[in-house]
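**Student:** Let me give you the structure first, and then I'll get to my questions.
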Amino acid sequence: MKSTAAAPVVYIEEIASRVGQEVTVRGWIYNKRSSGKLQFLMVRDGTGTLQVVVFQKNVSAPLFQAVDRLTQESSVVVTGRVRADERAPGGYEMDASDVQILQVAEPYPITPKDHGVPFLMEHRHLWLRSSRQRAILRIRHEIIKACRDFYDSRGFTLVDTPIFTPAACEGTTTLFETRYFDDTAYLTQSGQLYNEATAAAFGKSYCFGPTFRAEKSKTRRHLMEFWMVEPEVSYAELDDIMALAEEFISEIVQKVVVGRRTELATIERDVGRLENVRPPFPRLSYDEAIRLLQEKGLPIQWGDDFGGDEETQLSQQFDRPVMVHRYPSKLKAFYMQPDPQRPEVALCVDVLAPEGYGEIIGGGERIHGHDLLLNRIQEHKLPAEAFRWYLDLRKYGSVPHSGFGMGIERVVAWICGLEHVRETIAFPRMLYRIYP
Ligand code: 4AD
Ligand code: MG
């Protein structure tokens, strides 16, 4: 949309370089106050907020009256000269020579007063305009970019894996089933199985996409639809993949700390805690973790899985992520390589984020022997036919290989210090909520 004036259209983020010039800014009214002959419009355009001063004598009488009737979130295109002014919020101001009003907004449901979570979730499409939500989503964007940069700069090939799949990767209890013409298909729980095929083609590969789990549990860590980045490396063993995970998480966190200082300040995140996140991360075997939890008084036995409470306890013991390895095989997925020294445990790792955030990464070594893998598929009562191609990978130059998956929303929640994953994605899919 062009302005009627000939001034260049700019974004508020570049306003500092426009002092003394006449420019046009396109945005929405965030706030407004008036004092007789002056109206002060706080205009936001997504890149920043600018105070626009409308002086009665600079515009026509009907326009001045129309400006007076502007409501929160009304859309406007304002033109005027930019001034540096210490008193103005942000340090700059615009003296308006023209205001084009695109729409006077209806009474806006989200006001500066406190709203309850259900109300905000119901208005998620509008809630996204708030400075806090925008800061979180900008940090999410930075995290995603850092993930891609990490693998791209290390020679990994990005290979997208399918969303419609014929079989389960992470257990049959959390599958979303759908029709696929005359067949049944499932929404993918993880790209891992396909990654194993691409890692044999490329040596090292990764996928990054949405994944789906019909999680019947209503917790602050679970979404039905979440994004996962999954690297897979041929010839890598458990230690190699733990080193990769440690380097990966550290790089992402430090990139956000440097690149998104403003947003971290907006959401009042304690950045000092993030600055600690550097290798090496503490490593704990499952056995050691059980002992530690028992010492803390938790009623847990060897063989039990960790729930939210156990993960919270464990992750609160350290100032950086902790890597828990070698869980009992029976707690883990069918494809986990058993430890040759102790076949009852798997060569797997979960990375738990500090400050009580819990698991952000799950992964490990995959079974590379054909017969053992076939046994496990049968033991888990999985449909062998759907895994025929997966077993093929164990027939044509099978090698040890490892990988992991990192859930983006869990990482955003931790880096931003949020109470719940619902704020980490624009439109969260949760138990009992698929609107908006
Ligand atoms: O531990 P998970 O189930 O591991 C896998 O899916 C492997 N196949 C990945 C691999 O080795 N390539 O899930 C991996 C991560 C978890 O650590 C967690 O961060 C996230 O995915 N995650 C969820 N995030 C939000 N909501 C859910 N319901 C999640 N389930 C898992
Ligand atoms: Mg897991």
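**Student:** Mind listing whichever residues of segment 255-274 are closer than 14 Å to W414 by Cβ and either in a helix (DSSP H, G or I) or open to solvent by 70 Å² or more (accessible area, probe 1.4 Å) (or both)?
**Tutor:** Once the filter is applied, which keeps residues that are closer than 14 Å to W414 by Cβ and either in a helix (DSSP H, G or I) or open to solvent by 70 Å² or more (accessible area, probe 1.4 Å) (or both), segment 255-274 yields V256, V257, L264, D270, V271, R273, L274.
**Student:** Which numbered condition trips up A333, out of (1) out of contact with any strand residue (DSSP E or B) (no Cβ under 6 Å at 6 or more places or on another chain); (2) more than 14 Å from ligand 1 (Cβ to nearest atom)?
**Tutor:** (2)
**Student:** Right, here's the next one. Which residues, counting only those in segment 106-138, are touching a Leu at 6+ places or on another chain (Cβ under 8 Å) and not aliphatic (A, V, I, L, M)?
**Tutor:** Y108, P109, W127, R134
**Student:** I've got another one for you. Give A146, A168 a once-over and let me know the one that is assigned by TED's automatic domain parsing to the domain that holds G403 and either part of a loop (DSSP other than H, G, I, E, B) or among the polar types (S, T, N, Q) (or both).
**Tutor:** Answer to the check: A168.
**Student:** Against the definition (within 12 Å of ligand 1 (Cβ to nearest atom) and either out of contact with any Ser or Thr (no Cβ under 8 Å at 6 or more places or on another chain) or under 15 Å from Q192 (Cβ atoms) (or both)), how does V324 come out, yes or no?
**Tutor:** Against the criterion (within 12 Å of ligand 1 (Cβ to nearest atom) and either out of contact with any Ser or Thr (no Cβ under 8 Å at 6 or more places or on another chain) or under 15 Å from Q192 (Cβ atoms) (or both)), V324 does not qualify.
**Student:** Which members of segment 314-341 meet the condition of being closer than 18 Å to R283 by Cα and without any contact (Cβ under 8 Å) to a residue 24 or more places away in the chain? Walk me through it before giving the result.
**Tutor:** Initial filter on segment 314-341 (closer than 18 Å to R283 by Cα): 314-328, 339.
Answer for segment 314-341, where residues must be closer than 18 Å to R283 by Cα and without any contact (Cβ under 8 Å) to a residue 24 or more places away in the chain: just D339.
**Student:** Looking at segment 416-426, is at least one residue away from ligand 2 (no atom under 16 Å from the Cβ), modelled with pLDDT of 95 or more and touching a His at 6+ places or on another chain (Cβ under 6 Å)? Give the steps one after another, and end with the answer.
**Tutor:** Residues of segment 416-426 away from ligand 2 (no atom under 16 Å from the Cβ): 416-420, 422-426.
Subset that is modelled with pLDDT of 95 or more: 416-420, 422-426.
Next, only the ones that are touching a His at 6+ places or on another chain (Cβ under 6 Å) stay: none.
No: segment 416-426 contains no residue that is away from ligand 2 (no atom under 16 Å from the Cβ), modelled with pLDDT of 95 or more and touching a His at 6+ places or on another chain (Cβ under 6 Å).
**Student:** Consider E409 carefully, then state whether it is within 30 Å of K255 (Cβ to Cβ), within 16 Å of ligand 2 (Cβ to nearest atom) and assigned to a helix (DSSP H, G or I).
**Tutor:** Spelling it out, E409 is indeed within 30 Å of K255 (Cβ to Cβ), within 16 Å of ligand 2 (Cβ to nearest atom) and assigned to a helix (DSSP H, G or I).
**Student:** Here are some residues: G303, G307, G369. Which one is free of Cβ contacts under 8 Å to residues at least 40 places away in the same chain and within 16 Å of ligand 2 (Cβ to nearest atom)?
**Tutor:** Within the list G303, G307, G369, the selection yields G307.
**Student:** Quick one: how many residues across segment 412-422 are open to solvent by 30 Å² or more (accessible area, probe 1.4 Å), more than 13 Å from ligand 1 (Cβ to nearest atom) and assigned to a helix (DSSP H, G or I)?
**Tutor:** Matching residues across segment 412-422 total 0.
**Student:** Would you point out which residue out of V233, V277, V271, V256 is at pLDDT 95 or above, over 22 Å from the mean Cα position of the chain (by Cα) and of a type in the set (V, I, T)?
**Tutor:** Checking each option against the conditions leaves just V233.
**Student:** Sort out which residues of segment 171-183 are assigned to a loop (DSSP other than H, G, I, E, B), surrounded by 12 or more Cβ atoms within 10 Å (Cβ to Cβ) and either modelled with pLDDT of 95 or more or under 22 Å from the mean Cα position of the chain (by Cα) (or both), and write them in order of number.
**Tutor:** L175, F176
**Student:** Which of the residues spanning segment 200-225 are assigned to a loop (DSSP other than H, G, I, E, B) and among the charged types (D, E, K, R)?
**Tutor:** R213, E215, K216, K218, R220, R221
**Student:** So, restricting to helices (runs of 4 or more DSSP H) that lie completely within segment 26-140, which ones have at least 1 residues that are under 32 Å from the mean Cα position of the chain (by Cα) and buried (at least 18 other Cβ atoms within 10 Å of the Cβ)? Full working, then the answer.
**Tutor:** On the way: elements: 61-68, 117-122, 124-127.
Helices (runs of 4 or more DSSP H) meeting the threshold: 117-122, 124-127.
**Student:** Would you check if there is a residue in segment 184-199 being in a strand (DSSP E or B), farther than 24 Å from A426 by Cα and not hydroxyl-bearing (S, T, Y)?
**Tutor:** Within segment 184-199, one or more residues are in a strand (DSSP E or B), farther than 24 Å from A426 by Cα and not hydroxyl-bearing (S, T, Y).
**Student:** Hey, E196 hits all of (1) over 21 Å from the mean Cα position of the chain (by Cα); (2) more than 12 Å from ligand 1 (Cβ to nearest atom); (3) of a type in the set (D, E, K, R) but one; which does it fall short on?
**Tutor:** Unmet for E196, out of (1) over 21 Å from the mean Cα position of the chain (by Cα); (2) more than 12 Å from ligand 1 (Cβ to nearest atom); (3) of a type in the set (D, E, K, R): (2).
The values are calculated or read from the model by the stated rules, or taken from the named source; none is laboratory data. Note that the structure is predicted; figures quoted are calculated from it, not measured. So basically every Cβ, Gly included, is an ideal-geometry build from the backbone, and we count neighbours across all protein chains shown. Ligands, DNA and RNA are excluded from the accessible area calculation, which covers all protein heavy atoms including side chains. Shrake-Rupley method; radii C 1.70, N 1.55, O 1.52, S 1.80 Å.
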